[in-house]
1. Could you list, in sequence order, all residues of the range 43-87 that are of a type in the set (D, E, K, R) and crowded, with 17+ Cβ neighbours inside 10 Å?
2. If a residue has to be free of Cβ contacts under 8 Å to residues at least 24 places away in the same chain and within 13 Å of R60 (Cα to Cα) to count, how many in the range 76-110 make the cut?
3. Can you find a residue in the range 122-131 that is within 18 Å of V40 (Cα to Cα) and touching a residue at least 40 places away in the same chain (Cβ under 8 Å)?
4. Please determine, by comparing only the residues of the range 22-37 that are modelled with pLDDT under 95 and of a type outside the set (A, V, I, L, M), which one is most open to solvent (accessible area, probe 1.4 Å).
5. Name the helices (runs of 4 or more DSSP H) wholly within the range 65-143 that hold at least 2 residues that are under 20 Å from A54 (Cβ atoms) and not charged (D, E, K, R)?
6. Quick one: which of V19, V40 is open to solvent by less than 70 Å² (accessible area, probe 1.4 Å) and modelled with pLDDT of 95 or more?
Amino acid sequence: MTTSMQNSSHPALAGIDSVASSMSDVALLIGRILLGCIFVRSGYGKLFDIPAYAATFPPRGLSPFLAYISVPAEFFGGLAIMFGFATRYAAVVMTIFMLVATFSSHRYWDVTEAAARRAQDGNFYKNMAMLGGILFLFACGAGRLSIDAWLSKRK
């Protein structure tokens, strides 16, 4: 569960490296909470009426059945990220979720009305940034302040 800290490329840029190294686990914890909170908050409301949410899938070219997979994945994947539980597996699930959600729901290039296009454009690139955060978690792991780290000590 240790994170790999790479020093800056040049000594003139290395002043902050020791701070980053000493705060990496706290930064990962805060980042996980912030990133996971988005999914938990969004998925929570959908959990209580999956059929209504599923009805929005066909216009986006998706089978309504996928709502019964995506809603629990969104909510519980968000919780897994927040708590650092099976973090790399959660990152894989959330990557798939984000790619499907982004390319089916935020197709700004198909929108002709300017305000709606701007909104979808913003949502598309926000999702891409969130996907970047998920990929960082996949690469770095959850850090020492996580259930993953606690479980690895119990072996």
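1. Start the filter on the range 43-87 by keeping residues that are of a type in the set (D, E, K, R), which leaves 46, 49, 60, 74.
Answer for the range 43-87, where residues must be of a type in the set (D, E, K, R) and crowded, with 17+ Cβ neighbours inside 10 Å: K46, E74.
2. Of the residues in the range 76-110, 5 are free of Cβ contacts under 8 Å to residues at least 24 places away in the same chain and within 13 Å of R60 (Cα to Cα).
3. yes
4. Per the stated criteria, the residue is S22.
5. On the way: elements: 67-83, 87-105, 114-140.
Passing ranges, in order: 67-83, 87-105.
6. After ruling out the rest, the residue left standing is V40.
A quick yes/no check of all residues on (1) more than 12 Å from the chain's Cα centre (by Cα); (2) of a type in the set (A, V, I, L, M); (3) farther than 18 Å from F85 by Cβ:
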residue: I30; (1), (2), (3): yes, yes, no
residue: G36; (1), (2), (3): no, no, no
residue: G43; (1), (2), (3): yes, no, no
residue: F57; (1), (2), (3): yes, no, yes
residue: S63; (1), (2), (3): yes, no, yes
residue: E74; (1), (2), (3): no, no, no
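Table: residues versus (1) over 14 Å from S105 (Cβ atoms); (2) charged (D, E, K, R).
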{"position": "D49", "(1), (2)": "yes, yes"}
{"position": "T56", "(1), (2)": "no, no"}
{"position": "L66", "(1), (2)": "no, no"}
{"position": "A80", "(1), (2)": "yes, no"}
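The values are calculated or read from the model by the stated rules, or taken from the named source; none is laboratory data. Note that the structure is a prediction, hence the values are computed from the model and not measured. A quick note on method: Cβ atoms are made from the backbone with ideal geometry, for glycine too, and the neighbour counts reach across all protein chains shown. The area values use the complete protein model at the heavy-atom level, side chains included, leaving out ligands, DNA and RNA. Shrake-Rupley method; radii C 1.70, N 1.55, O 1.52, S 1.80 Å.
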